[in-house]
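Each remark here refers to the structure printed beneath this line.
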Amino acid sequence: MISGDTILLGLMIVTGINIARYLTALRSLIYIMREAHPLLYQQVDGRGFFSTQGNVTKQVRLYHYLKSKEYHHHHDPVFTGKCSRVRELFVLCCALVMVTSLAAFVL
């Protein structure tokens, strides 16, 4: 029989890996955004996005941009594909964090 600790450890490892995938995809999206959509790059503070002085309200702007799928109107297929991937990874990471938190309290 598999113990609860083993299940929780496995969930935490999978969640950590997916968070790392999300952050690298987000970093590459911001890099692509600099050329594909310079106005949005300025609006989300692309240069200082991952810094400690990053403006949270500007970061939330990117969240709303991806949530409302405004990128579908963009002409660059690489940019829209990367936005779609970041959005999917964000949803996956949120779900995994919730499941892992729930499992931590239940197990």
Quick one, can you get me the convex hull of the C-alpha atoms of the chain expressed as volume per residue in Å³?
114
Report Leu9's accessible area, 1.4 Å probe, all protein chains in place, as a number in Å² to the nearest 10.
100
Please work out the average accessible area per residue across the chain, using the 1.4 Å probe convention, and give it in Å².
67
Helix 4-36 versus the longest principal axis of the chain: what is the Cα-based angle in degrees, 0 to 90, to the nearest 10?
0
Going from the alpha-carbon gyration tensor of the range 60-107, what semi-axes, largest first and in whole Å, does one get by taking the root of 5 times each eigenvalue?
30, 10, 6
Using heavy-atom solvent-accessible surface (probe 1.4 Å) with all chains present, what is the largest-first order of Thr52, Thr6?
Thr52, Thr6
Approximate spin-label separation Val106-His72, in nm, with each point projected 7 Å along Cα-to-Cβ
3.4
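The values are calculated or read from the model by the stated rules, or taken from the named source; none is laboratory data. Quick caveat, the model's predicted, so the values are computed rather than measured. FYI the Cβ positions are ideal-geometry reconstructions off the backbone, even for glycines, and counts take in every protein chain you see. Accessible surface is based on the protein model in full, side chains and every heavy atom, while ligands, DNA and RNA are left aside. Shrake-Rupley method; radii C 1.70, N 1.55, O 1.52, S 1.80 Å.
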